[in-house]
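S.K.: What follows is a single structure, and I will ask about it in a moment.
The values are calculated or read from the model by the stated rules, or taken from the named source; none is laboratory data. As the structure is a computational prediction, the values presented were derived from the model and not from experiment. Here the Cβ positions follow ideal geometry from the backbone for every residue, glycine too, while neighbour counts run over all protein chains shown.
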């Protein structure tokens, strides 16, 4: 597969699984045994890293905006008082 094929596979995964919630697509797009879980509602900003081999997604990692996620959950983040 070409790099463009891999990009299309990952985009399809994001569109179908992350955005549309079509978890049945995981079987078509990922190697057996892959684990992808749903998240909380709302916007979560993240950088996503996919490893693709032979036309299937092998692994996935993400770096989340943890501060933004906590704020969505109602946390207030403020600097501590310095005296």
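For (1) at pLDDT below 75; (2) in a loop (DSSP other than H, G, I, E, B); (3) surrounded by 12 or more Cβ atoms within 10 Å (Cβ to Cβ), each residue gets a yes or a no:
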residue: 9; (1), (2), (3): no, no, yes
residue: 35; (1), (2), (3): yes, yes, no
residue: 57; (1), (2), (3): no, no, yes
residue: 60; (1), (2), (3): no, no, yes
residue: 68; (1), (2), (3): yes, no, yes
residue: 77; (1), (2), (3): no, yes, no
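S.K.: Looking at the stretch 11-33, which of the residues that are modelled with pLDDT of 80 or more, in contact with a strand residue (DSSP E or B) (Cβ under 8 Å, 6 or more places away or on another chain) and closer than 17 Å to residue 62 by Cα is surrounded by the fewest Cβ atoms within 10 Å (Cβ to Cβ)?
M.R.: Restricting to residues being modelled with pLDDT of 80 or more, in contact with a strand residue (DSSP E or B) (Cβ under 8 Å, 6 or more places away or on another chain) and closer than 17 Å to residue 62 by Cα, the top hit is 14.
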